[in-house]
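Visitor: Attaching a single structure in structure tokens format; questions to follow.
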Amino acid sequence: MVADANSRVIIFKKLLDRKSVQCKPGLCRYAFRGKKRIPGRDWINSGLVSLAARRRFMTIRLLATLGRFALGATIFSAAALAQPTHQPPPEFLDWPEITEGEKQMRAPLVEKDSGAEVLVWRVHVLDEVLSRNTLQRVFYNYVRLKVFNEEGKEQTSTIDLRNDERSSIIDVAGRTLKPDGTILQLEKSAIHERDIVRVGGRKRKVTSFAMPGVEPGTIFEYRWKEVLDGDRIQHVRLQFQREFPIQKVTYFVKPLSWENTSYQMRFQAFHCQPAFGKADRDGYTPVILENVPPFHEEPYAPSEPNLRPWVLAYYQLENPKDPDRYWSDIGKKAYQELKNALRTNDELNAATATATGQAQSDQDKVLNLIRYIQNNLRNVNTDLSDSEREKFQEGLPKNRVRTSAEIFKSGMGMPDELNVVFAAMAAQAGLDARLAYAADWNDVVFNPKTMTNRYYLDNITMAVKFGDSWKMYDVSTKLLTPGMLPWRQEGVFALVSPHFSKIFAKGPITLG
């Protein structure tokens, strides 16, 4: 029997009236006994598991939280198991009308010397449930652009749509309106997909096409759909700037409904002040920015997230009111989870004794441990082939973190896991080693007072206490002298995880 939305809510309310509603194993830790409890495993937020595992379990937490189990196994209906149906935005059903004012434009409005200008940029962002514990995010993108001169024609000769490794671009379409009123459709044969190689040898897909009949005075519009799997939907950056000036950018964001999750969609703006409208009857919240200048690359400039206007849209249970308390709680959880992962055995203890046997000081112990780990354990990200990496992922425990002894025995680990081995060996050698979440110079400058989200601290390092100060180490960086951090992590904030409070320490500044 297929249940409609109303019947699912009625079933859900009846279940909450029972004395206990058991969760599906792996979804939550608690049963419900009249009061709401937060399910899930805190270690997922600890950073001690691989990024893919954290994303996978965050998907589960988004789907089943605070007692709203419309997606739980107990009350999961056949309707929810099927692919959801939704109406695409209007510009995907038919091309919007081009106004007479747009046709008569003779010069750009945002930047007078520009050869082309985006008139409209609209993106509908839809989060939806596909099946039990499976989510996806869909972006419906629509761009309308006018070319004013030969320079603009050259700038718009090729359109590149870039997607990452876990998303796909489909349903690309476009058309050109020439000054004489002629309309030319973008042919499917003109759309090509190619690979570009990024740093580290990883490939990225690019969908490219050239709009037909482009000349000064033409208006062309194109649209495409991008689908992202649900392991990545907890956070999304809404970008508002392109290589061309833009008259108006509008994101329409539709988060998961209250029937599916108790996590709320929240927003934090950077380098802009967009207008946030009220959700429409279909559940889309508009986020609007007008008169956006083009982005110009400059040598020696700060990283792009510190220059471009953008908004972070993210799911969070509660909006932290006290930053100190929030980071203190994060630090406590990280410290506890690190303790749980530091289980050693005779083999690891013997390796620690071998590595530190000739050390004359605590500093020497640390450096010897780093060298030993780098010489005897392989980094999954850099030292394995694709097939070896795939086999490694398949052999990982499904619902828990590997202990330091397990990591050491396997002879390989993710960067975070190599740091866990270092912490275990350092503790065995009598050192005080703690987990540290570090910011990144390649990303937006981090402020712990205004940015209360673990998302901004995505680098995992280890901190060792010498006297009254902490020194940061990253064992996974083999190409650096032991004791040096990658430049991206030097001089930034790092959250050191003691059990009693948080400590924000600055990473070291090194030269050479």
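Condition check ((1) part of a strand (DSSP E or B); (2) farther than 18 Å from M451 by Cβ) across all residues:
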{"position": "T261", "(1), (2)": "no, yes"}
{"position": "Q268", "(1), (2)": "yes, no"}
{"position": "P286", "(1), (2)": "yes, yes"}
{"position": "E298", "(1), (2)": "no, yes"}
{"position": "D324", "(1), (2)": "no, no"}
{"position": "S328", "(1), (2)": "no, no"}
{"position": "G331", "(1), (2)": "no, no"}
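Visitor: If I ask for residues that are under 30 Å from A423 (Cβ atoms) and surrounded by fewer than 17 Cβ atoms within 10 Å (Cβ to Cβ), which ones from region 299-317 would you list?
Guide: Scanning region 299-317 gives S303, Q316, L317.
Visitor: Across region 152-178, what is the number of residues that are in contact (Cβ under 8 Å) with a residue 60 or more places away in the chain and open to solvent by 50 Å² or more (accessible area, probe 1.4 Å)?
Guide: Within region 152-178, residues that are in contact (Cβ under 8 Å) with a residue 60 or more places away in the chain and open to solvent by 50 Å² or more (accessible area, probe 1.4 Å) number 4.
Visitor: I would also like to ask the following. Quick check: is even one residue across region 379-388 surrounded by 17 or more Cβ atoms within 10 Å (Cβ to Cβ), in contact with a Ser or Thr (Cβ under 6 Å, 6 or more places away or on another chain) and either closer than 23 Å to G483 by Cα or among the β-branched types (V, I, T) (or both)?
Guide: yes
Visitor: Follow-up. Can you tell me how many residues within region 402-432 are outside any helix (DSSP H, G or I) and surrounded by fewer than 24 Cβ atoms within 10 Å (Cβ to Cβ)?
Guide: 8
Visitor: Okay, moving on. Has region 119-142 got any residue that is assigned to a strand (DSSP E or B), of a type outside the set (S, T, N, Q), over 22 Å from Y251 (Cβ atoms) and modelled with pLDDT of 95 or more?
Guide: No - not one qualifying residue is present in region 119-142.
Visitor: Scan region 467-474 and tell me whether some residue there is open to solvent by 50 Å² or more (accessible area, probe 1.4 Å) and outside any strand (DSSP E or B).
Guide: Checking region 467-474: at least one residue is open to solvent by 50 Å² or more (accessible area, probe 1.4 Å) and outside any strand (DSSP E or B).
Visitor: Please enumerate the residues belonging to region 117-151 that are open to solvent by less than 10 Å² (accessible area, probe 1.4 Å), over 27 Å from R232 (Cβ atoms) and in contact with a Lys or Arg (Cβ under 8 Å, 6 or more places away or on another chain).
Guide: Correct list: E117, L119, V147.
Visitor: So, in region 72-105, of the ones that are modelled with pLDDT of 90 or more and among the hydrophobic types (A, V, I, L, M, F, W, C), which residue ends up surrounded by the fewest Cβ atoms within 10 Å (Cβ to Cβ)?
Guide: Of everything passing the filter in region 72-105, L93 is surrounded by the fewest Cβ atoms within 10 Å (Cβ to Cβ).
The values are calculated or read from the model by the stated rules, or taken from the named source; none is laboratory data. Just so you know, these numbers come straight off a predicted model, no measurement behind them. All Cβ positions, glycine included, derive from the backbone under ideal geometry; neighbour counts span all protein chains shown. Surface areas here come from the heavy atoms of the whole protein model, side chains and all, with no ligands, DNA or RNA. Shrake-Rupley method; radii C 1.70, N 1.55, O 1.52, S 1.80 Å.
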